[in-house]
Amino acid sequence: YGKYGGGAVFPSANVNYQAGRLNLYTSLGYRHNKLYSQADEVTKYMAGDLSGSDMKSDTEMDGFSDSYNARLGMEYEMNPKHSNGAEFGYYQYSDDSENSGNSLFRFRAPIAPLFADSIVNKSVYLTDELNRYYSGTVNYVWKMDTLGSTFKIIGDYNQSVSDNRNDYDNKSASWAGGIGSAEQNDITRSRAGSDYLITSLSADVDIVRSPVTTFKTGAKFTFNKMYSDTRYEELNGGVWQPSTSEDSKKTDYTENIGALYFIYNTRLGKVGLSAGIRGEYTYIIPKFDGTASAKSDDAQQSYFSFFPNLNVSVPLNKTFSNSLIFSYSRRISRPGFWALNPSKIKLSEYSEIVGNPDLKPTFSNNISLTTVLAYKYSLTIGAQLLQDEVAQIVVRDQGNEDKLLYRFENISSSHMYY
């Protein structure tokens with residue numbers, strides 16, 4: 001049970017019950033984990049009004065997390081060809097931690113080589129976080145023939161509800177021309193709640209024509225909903241009031257996706273071939289600030305995308321032990337809800353982590369060529385060409401030039417070769 005979270009207590013139990021064509025199962029689990037981390041930060045300003053200035057900070061986070069999980073499921077075989085199932089789950093995660101740190105900001109005079117002014121901060125941030133996750137799925141499977149052809153219907157439900165309470169206490173003193181000021185005590189807090197919902201319904205048909213030829217097709221509809229509400233307040237005269245430096249935010253993000261795909265697998269002589277294509281239509285009603293009635297329809301988005309894929313395997317000898325494989329695919333990766341959430345997490349008085357509701361999905365083109373020798377040696381060369389890759393970069397806060405934001409942004413293009 002080390003200082004840096006090297007151990008945890010994790011008891012769990014599983015129960016399965018089989019009776020004829022009915023199978024019931026359940027599981028329970030609990031985890032208690034120590035949280036500890038240290039961070040040292042150095043920022044040097046190379047241009048602009050703060051050119052030549054620097055900031056140094058050290059932060060220590062210490063706390064505990066607790067999580068609970070439960071799952072209940074069933075499978076029922078109505079007859080050898082038809083079966084259905086259902087599963088429901090619950091997961092809860094809580095985090096109680098204290099983040100303490102010190103920071104020093106030194107302003108260099110525009111002309112003189114010495115530091116003209118400085119600000120010393122001693123901060124304590126308290127975090128009380130509670131996340132609850134609900135999941136459910138139902139399915140129906142029809143075994144259409146003895147070759148393995150199937151028809152499936154699957155419905156999924158996933159919901160995440162979180163409540164994050166942060167309290168900040170910062171004591172600061174400034175120095176100007178060697179003269180120190182009286183200590184100033186700023187007490188602020190943030191209250192953030194969110195409700196994320198993902199539901200989907202899919203239908204798939206797998207048709208087996210022979211041991212080497214299959215045809216697959218299906219459709220899927222996904223409905224995503226993200227709502228968050230973040231309030232920032234400061235203690236003034238013993239009364240909590242809206243913050244003068246941070247604006248409270250409400251975000252409502254709806255994304256509906258319809259997809260249709262086809263996949264064909266076969267063998268042409270000794271050459272293996274797999275080809276497919278997926279088409280997706282996405283309709284987005286993005287974020288808004290303020291009340292729900294203030295939502296504007298002008299920012300709605302919709303787009304259609306194709307995602308082809310191809311895999312060709314060519315044997316180089318009669319035993320198939322040596323082969324050459326070419327692969328191409330186009331894929332999409334959507335940003336996680338955490339990266340979209342605009343609420344801020346303090347690292348120090350001069351740096352914060354913040355999400356970005358304006359993030360776009362990442363598209364990637366993946367190309368590779370692989371040679372396999374003697375069934376066990378392989379060499380691959382390839383490339384991954386990314387468009388709008390999501391990355392966490394450092395930007396200056398527009399409302400406070402002294403502050404840096406570790407913000408998620410889209411990088412227009414990013415290429416990797418291997």
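Yes/no matrix, rows are residues, columns are (1) over 30 Å from Glu255 (Cα atoms); (2) assigned to a strand (DSSP E or B); (3) within 39 Å of the chain's Cα centre (by Cα):
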{"site": "Trp175", "(1), (2), (3)": "yes, yes, no"}
{"site": "Ala182", "(1), (2), (3)": "yes, no, no"}
{"site": "Asn185", "(1), (2), (3)": "yes, yes, yes"}
{"site": "Thr188", "(1), (2), (3)": "yes, yes, yes"}
{"site": "Arg191", "(1), (2), (3)": "no, yes, yes"}
{"site": "Asp195", "(1), (2), (3)": "no, yes, yes"}
{"site": "Ser200", "(1), (2), (3)": "no, yes, yes"}
{"site": "Asp204", "(1), (2), (3)": "no, yes, yes"}
{"site": "Val208", "(1), (2), (3)": "yes, yes, yes"}
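Scan region 321-366 residue by residue and report those that are assigned to a strand (DSSP E or B) and touching a Gly at 6+ places or on another chain (Cβ under 6 Å).
Scanning region 321-366 gives a single hit, Ser348.
So, of the residues in region 22-74 that are of a type outside the set (Ser, Thr, Tyr) and outside any strand (DSSP E or B), which turns out to be nearest to Asp402 (Cα to Cα)? Please lay out each step first, then the result.
Residues of region 22-74 of a type outside the set (Ser, Thr, Tyr): 22-24, 28-29, 31-35, 38-42, 44, 46-50, 52, 54-56, 58, 60-64, 66, 69-74.
Narrowing further to those that are outside any strand (DSSP E or B): 46-50, 52.
On the way: Met46: 13, Ala47: 13, Gly48: 11, Asp49: 10, Leu50: 8, Gly52: 13 Å.
My answer is Leu50.
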Practice task
May I ask you to say which residue of Arg191, Arg132, Arg165, Arg209 is open to solvent by less than 40 Å² (accessible area, probe 1.4 Å) and basic (Lys, Arg)?
Solution key: Arg191
Practice task
Spot the failing condition for Phe88; the list is (1) within 22 Å of Gln398 (Cα to Cα); (2) at pLDDT 85 or above; (3) not small (Gly, Ala, Ser), and only one is missed.
Solution key: (1)
Practice task
Would you check which residues across region 345-381 are under 30 Å from Leu126 (Cβ atoms) and of a type in the set (A, V, I, L, M) and list them?
Solution key: Ile345, Leu347, Ile353, Val354, Leu359
Practice task
Please list, ordered by first then second residue, the pairs with beta carbon atoms under 7 Å, 6 or more apart or interchain, first in region 395-418 and more than 10 Å from Glu352 (Cβ to Cβ) and in contact (Cβ under 8 Å) with a residue 40 or more places away in the chain, second open to solvent by less than 40 Å² (accessible area, probe 1.4 Å) and part of a strand (DSSP E or B).
Solution key: Asp402/Phe105; Glu409/Ala391; Asn410/Asp388
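Taking Ser174 as the residue in question, decide whether it is open to solvent by less than 70 Å² (accessible area, probe 1.4 Å) and modelled with pLDDT of 90 or more. Spell out the reasoning first.
Numbers: open to solvent by less than 70 Å² (accessible area, probe 1.4 Å): yes; modelled with pLDDT of 90 or more: no.
Judged against the criteria, Ser174 is not a match.
Among the listed residues Leu260, Leu273, identify the single one that is more than 30 Å from Ala339 (Cβ to Cβ) and part of a strand (DSSP E or B).
Result: Leu273 is the single residue among Leu260, Leu273 that is more than 30 Å from Ala339 (Cβ to Cβ) and part of a strand (DSSP E or B).
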Problem - Residue under evaluation Leu369, criteria (1) open to solvent by less than 50 Å² (accessible area, probe 1.4 Å); (2) in contact with a Gly (Cβ under 9 Å, 6 or more places away or on another chain); (3) part of a strand (DSSP E or B); (4) not charged (D, E, K, R), criterion not met - result: (1)
Handout entry: region 330-351, subset among the polar types (S, T, N, Q) and either open to solvent by 40 Å² or more (accessible area, probe 1.4 Å) or under 21 Å from Asn410 (Cβ atoms) (or both), residue modelled with the highest pLDDT
Key = Ser333
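Within region 204-249, can you find the residues that are in contact with a Gly (Cβ under 6 Å, 6 or more places away or on another chain) and touching a residue at least 40 places away in the same chain (Cβ under 8 Å)? So that I can check it myself, show each step before the final result.
Filtering region 204-249 down to residues in contact with a Gly (Cβ under 6 Å, 6 or more places away or on another chain) leaves 204, 208, 221, 229.
Listed by number, the residues that qualify are Asp204, Val208.
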Practice task
Output the qualifying pairs, or none if there are none: Cβ atoms under 7 angstrom, residues six or more apart or on different chains, first residue in region 31-42 and in contact (Cβ under 8 Å) with a residue 40 or more places away in the chain, second residue of a type in the set (Phe, Trp, Tyr).
Solution key: Leu35/Phe64
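Does at least one position in region 130-143 carry a residue that is more than 26 Å from the chain's Cα centre (by Cα) and β-branched (Val, Ile, Thr)? Give the derivation first.
Initial filter on region 130-143 (more than 26 Å from the chain's Cα centre (by Cα)): 139-143.
Now drop any that are not β-branched (Val, Ile, Thr), which leaves 141.
The answer is yes; a qualifying residue exists.
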Fill in the blank from the handout: Note on region 381-418: residues open to solvent by less than 80 Å² (accessible area, probe 1.4 Å), among the polar types (S, T, N, Q) and either at pLDDT 90 or above or outside any strand (DSSP E or B) (or both) are Gln384, Asn410, Ser413, Ser414
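The values are calculated or read from the model by the stated rules, or taken from the named source; none is laboratory data. Everything quoted here is computed from the prediction, not taken from an experiment. Counting neighbours? That spans all protein chains shown, and the Cβs are built from the backbone with ideal geometry, glycine included. Protein only, heavy atoms only, side chains kept; ligands, DNA and RNA dropped before computing areas. Shrake-Rupley method; radii C 1.70, N 1.55, O 1.52, S 1.80 Å.
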